[in-house]
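Structure first, commentary second.
Laboratory data are not the source of any read-out in this text; all were calculated from the coordinates shown. The structure presented is a predicted model; accordingly, all values stated were derived computationally and were not measured. A quick note on method: Cβ atoms are made from the backbone with ideal geometry, for glycine too, and the neighbour counts reach across all protein chains shown.
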Amino acid sequence: MPKLLVQHIERSFSALPGNTQGAVFLLFATFCFGIAAALIKLVGQRLHVTQIIGIRQVVILLTLAPVFLSLNSDSWKLKKPKLQGLRSCLALVGILAGFTSIINLPLAMATTIGFTRSFFVIIFAILILKETIGLRRSLAMGVGFAGVLIVAKPDQGLQFSQDVGLAVLAAASIALNMIVVRIQSRYERPTLMVAYQALLVGIALIIPTWYFWITPTWLELQLLGLIGVLSVFAQWAMVRGLKVGEAAAMAPLDYMRLLYAIFWGFLLFGEWPELNVWIGAGLIFASTLYIIHRDAVMKQKDRPSASKTDF
């Protein structure tokens, strides 16, 4: 009976429109990301960030071990090893900076600043991929970065705190990583890219993890394991969601992370976003959604004109 029920649910889910399926996957991904961020901040009150990431990488590798073991020796050969090395370095910087900002900043603030990666993706796409951008999207990006300044508390001048700077660095590193993924994916299998990144980041953190090691309690060890498992589920769900759903329809759902950050920040740490975070987040969200809208409009214009018989 349970097997028949599962098959019925799978068939019913597959019959849903692509954007509906994608929304379910994306909402699940943001839910997992939200819990993982809260747990990172929780265990980071005592454990060092390199130890958190190091154990997380081990859990990720163990979780994905069946997939990796299914690859034969030839499948592990990289066509562009330098790109993989660059991407792993960017991932390491992004994770270190991002986790540190999550631990030290209010969850809502760190999450809001993290959304600026969309703007950095556009900047790097212009510089590296030679993509063009119009005046309207340029102005929208300016509004988005103004939102970052507001989140960073303009009453303190334009001087960023170290942790705010780390949050911006994390967003930029993740964005540049995404650009490298676009290039590398032309030559490598996605499974191989994930495997090498998890492995190389883990190797790079062996010495720092050993140096800063604090023996975790049994509860902390369980939470660290859960962080790794949630990270795998979140990444898997996000990839599935973006595969079956349209990017323009899926992108706004990522902002659910802020709601989870506010909820967990208040519940676990007694945090409540200040007015500047709400205002800055509004500007960042509005500018990002406008950029997504403009991208959709431009793609529609680039399509061949419909015939007169189409309505």
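Key figures
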| item | result |
| --- | --- |
| Highest average packing first - 165-176, 276-287, 198-209, 130-141, Cβ atoms within 10 Å | 165-176, 276-287, 198-209, 130-141 |
| Lysine pairs with alpha-carbon atoms under 28 Å apart, the stretch 20-302, spacing 8 or more or separate chains | 13 |
| Cα gyration tensor category, rounded, prolate or oblate, for the stretch 157-214 with a/c compared to 1.5 | oblate |
